[in-house]
Every structure is written in C-alpha cells, then in structure tokens.
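J.: Please find one structure pasted underneath; my questions will follow.
Values quoted throughout were computed directly from the atomic coordinates according to the rules given, and no laboratory measurement underlies them. Just so it is clear, the structure is predicted and the values come from calculations on it, not from any experiment. Cβ atoms come from the backbone with ideal geometry, glycine included; neighbour counts cover every protein chain shown.
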Amino acid sequence: MRRTDPEGHGPVRYGPPLPDDGLPVLPELAAVLAAAAGRAESEPIGGGDALLEAACGYWGRRGLPTEPGQAVAGPGAPALLLALTFALGGDVLVPRPCAAWWAPYARLLGRPVFHVATPAESGGVPDPYALLETVRRVRAEGGDPRLLVLSVADDPTATVAPPEVLHETVEAATGEGLHLVSDETWRDTVHAPHDTVLVSPAEMLPERVTVVTDLAGAHLPPGWPAAIARFPAHDAGNGLHARVLDVLTALGARVAGPVALAAAYALAEPEPVTARIAATVRLHARVAAAAHTAAVKAGALARPPRAGRHLYIDLGPLRAGLSARGVGDAQDLEDHLAARLGMPAPGGHRFGDDLAALRVRLSTGPLLAGTDEERAECMSSPSPLELPHVQRALIHLKSVFDDLRDEAQRREPPR
C-alpha cells in the first residue's frame, strides 16, 4: 500500500496552508498583541465594535462603502466560508483549480461541489460560457446550484482576472440566480498595482456578492487566525448575515481577543503596516519572478505570477524525465519535489485539478528561509535576490528544474 505516512498526506489530514511571507512579524503589530495578552474577556461572535469599524474603513478605502451591520469577523476565512455555505444551501460551484480550502467545507456539509474551467489568461474566475453550461447541466441532473466561489487575485494560480472577464462571469452568474462569494485574501498583494486593474465583484453586483478576506493574506501572520466578511446591504444581505452569525455561534467561532485587537490595528492601515505590506509585496514579486523564470527556462509552463506569494507550474512538458523517476501523477510530483526542494510542493490535485496533470503550487516564503537576522535583511536589502541564503535557495530551485529538463531531453525519442 502506498503513502501510509500517518500525517503526511490525504484529503482530510493534509491541506496546504496559505503561503506565508517567511518574514519576522512586524514589531508594531507584535507590540499590539503583546499589550493585549492580559485581556480576559471574549470577543463577541462576529467581532467586536472596534474590529468591525476597522473592517468597514478598510473596505471603504477600496471603493466598497460598508456599515458595521454588513460585516462579520471570524477565526479565519474557512470558518466564514463554512458558515456561508451552510446558510446559502444548495450546490457549490468553484473554478478549476481553486484554493485548497474551498471545497472541503462544502463536502463536510454534504454539498456537491462542481469545478468549472477557467479562461486561458487567468485562474480564479470561471469562464462564463463554461459556467452557464455547468449550471444548466447540474440542474438538468436534478442539482441545485446556488453558490459560486471565485477569486480575482487567485490562489493557487497567482493571476489577476481582467475586469472584462470578471464582468462576463458575474453577468452569467446573475442570470442564473447564483450568490457569489469573492475571496479577496490576496487583493492587497498585487505585484504591480499601478499596472494591474483589480475590480471586486462586489463593485459590479453589490446585492449578490459577499466578500471574504483572510487577513493572513497581507495583514497578519498565518498563526494569528482572523478574517472578515462583507455582506450585501439592506434586505439583500440582512438575512444571510443573521444566518451566518447563527452558524458561527453554534461553532463557537470567535476571534481571540488579543488577535482581534491586532487585526483592528492592521485593518486601520497605519504607516508601519502599509509600508510593511508594500515592502513584502515587492520582495515576493521579485522572488516569484525569479522562480517563474527558472521553471519556464527548464521547459515547464506557468502563467507569470501577478499576486500573492506563490506560483502554479505545469510540468507536463517534462513528463518523460519525471516518469523515469517514478513520477506519474500530481501526488507523485508533490512527493518528489518536496523531497528534492526541501519545501512544501502541493500537487494540483490539492486544488481540484486533474490528478493526472503534473501541476504544482510553489510558495516563495520558503525561498527566504534563514535565521531571524537573514529574514529581516531581506526587507532592507536593495538586492534581496543576491543575499547568500536567498541566492542559494534560487540556485537549488533552478538546478532541480534543470535536472528534470535534462532528464526529459535524454528520454526524447530520436527524430
């Protein structure tokens, strides 16, 4: 029997976490958390006033005016998506591939999940024609599709969907009566914000879109779980807001008190937070670009990363070389690359992709790994890719890809 490691893999016990930034915690943020360590009272279900007001300010600065009655906070985006899925009912539609944590919560509730193909230029948002076809097929087979989950700035593909593609998909979803959940965890990590137009579906269809943002995307360390959700205004969202609070109450899903204060501080976006986010985005954009270049030069396929701290690579062109090493599917690829690279390399099947496809998501955070001093130096160096520990990591990554290319070339039949 293969792959029997007790905690290593599997659809239940193993799920790739959100890519972290690989950097020390912002000192000002750590100070807020430390000052709140003596706080004994519990944060209310759905978030206290200070946290919800900060969330409203955050959305308002992004063109989404929000009242506190439209907002909810929870201990991470998974808890909020679980509550939303339960509250909305029906079947769930997601793009292929999609964030690894989206589908398990629907399946946990016994809700069917249907994957929809994405357009060639980006992931995260289903192709509108494929969406219409999938909805009609599901209904013809007796299903009840009600919820579409999408992400404009995407995990795992690290792409940003163009507004015109998003608009067509939103129109298609509206015509079919779907409610949309827009996962905007990575919206503040766009690599070239002056050259990239990012539009939230909630700007296009405010009455049918709920926005969910996990603060581990840009504002908080992953070990401090907190997320916020923005519901449609007035009657369109009041009932859903109430049902979600009911579910969070049943789960006891509160944000920890000290974390709530840190989250409110981060969402207010004082200068230390905004400067840190901007510097982190610049750093990871450079590392992601270097990793993308290494993969593509070796013959792999990958869209250029435009957001986040990761990239999604298709090693199908190197299948001959991988087959010679016993790699036949995405799980084999995950095992092989994780061992060779010494870092997590979740296969595409973790994100709803075809198991037979040789695709993998790599995170840039592990390429910055080192001592606390070395990681801090990444933030201040004008040439972070030339720092010895980062350079070593990138050279190793390139050598692994080059070895696979060379092996594939040796296996090619003579012409």
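J.: Can you give me the long-range amide H partners of G46? Hydrogens built in the peptide plane at 1.01 Å from N, cutoff under 5 Å, separation of 5 or more residues or another chain.
T.: A73, V255
J.: Now a separate question. Order these by the 10 Å Cβ neighbour count, fewest first: D406, D314.
T.: Fewest to most other Cβ atoms nearby, the residues stand as D406, D314.
J.: Classify region 272-411 from the C-alpha gyration tensor, please: rounded if a/c falls under 1.5, else prolate or oblate depending on whether a/b exceeds b/c.
T.: On the way: a/c = 2.27, a/b = 1.81, b/c = 1.25.
Because a/c hits 1.5 or more and a/b exceeds b/c, region 272-411 counts as prolate.
J.: Over region 272-411, what is the mean sequence separation of C-alpha contacts under 8 Å (at least six apart), divided by residue count, expressed as relative contact order in percent? Intermediate values should be presented prior to the final figure.
T.: Values: 198 pairs, mean separation 39.0, N = 140.
RCO, region 272-411: 28 percent.
J.: Could you identify which residue out of R62, R405, R208 has the top mean-square fluctuation in a GNM of the chain using Cα springs shorter than 10 Å?
T.: Of R62, R405, R208, the most mobile in the Gaussian network model is R62.
J.: Here's something else I'd like to know. Please give the calculated 222 nm ellipticity per residue for the chain, where each DSSP H segment of at least 4 residues contributes -39500 (n - 2.57) and the sum is spread over every residue; nearest 500 deg cm²/dmol? Intermediate results must be reported in sequence, preceding the final value.
T.: Working: 14 runs with 176 residues, N = 415.
Counting only the DSSP helices, I get -13500 deg cm²/dmol.
J.: Take the chain, connect every pair of alpha-carbon atoms lying under 10 Å apart with a spring to form a Gaussian network, then pick out the residue of A87, A275, A161 with the largest mean-square fluctuation.
T.: Judging by the Gaussian network model, the answer is A275.
J.: Also, quick follow-up: Find the all-direction average of the projected area of the Cα convex hull for region 27-269, expressing the result in square nanometres with one decimal place.
T.: Mean shadow area of the hull around the Cα atoms is 12.6 nm².
J.: A further question on this structure: Going by how many other beta carbons lie within 10 Å of each one, how would you line up D235, D353, fewest first? Spell out each step's value before the answer.
T.: Numbers: D235 8, D353 22.
So the ranking, lowest neighbour count to highest, is D235, D353.
J.: Here is a further query. What relative contact order, as a whole-number percentage, does region 84-137 give when Cα pairs under 8 Å and 6 or more residues apart are counted?
T.: So the answer I get is 34 percent.
J.: Which ordering of S380, S182 is given by a fewest-first count of other beta-carbon atoms within 10 Å?
T.: Numbers: S380 8, S182 26.
Least crowded to most crowded, the residues run S380, S182.
J.: With a length cut of 24 Å (Cα positions projected on each helix's long axis) and a Kyte-Doolittle mean of at least -1.0, go through the chain and give me the DSSP H helices that pass. Display every interim value, and only then the final one.
T.: Details: long enough: 235-251 (25 Å, 0.55); 271-297 (39 Å, 0.45); 388-411 (34 Å, -0.88).
In the chain, the long hydrophobic H runs are 235-251, 271-297, 388-411.
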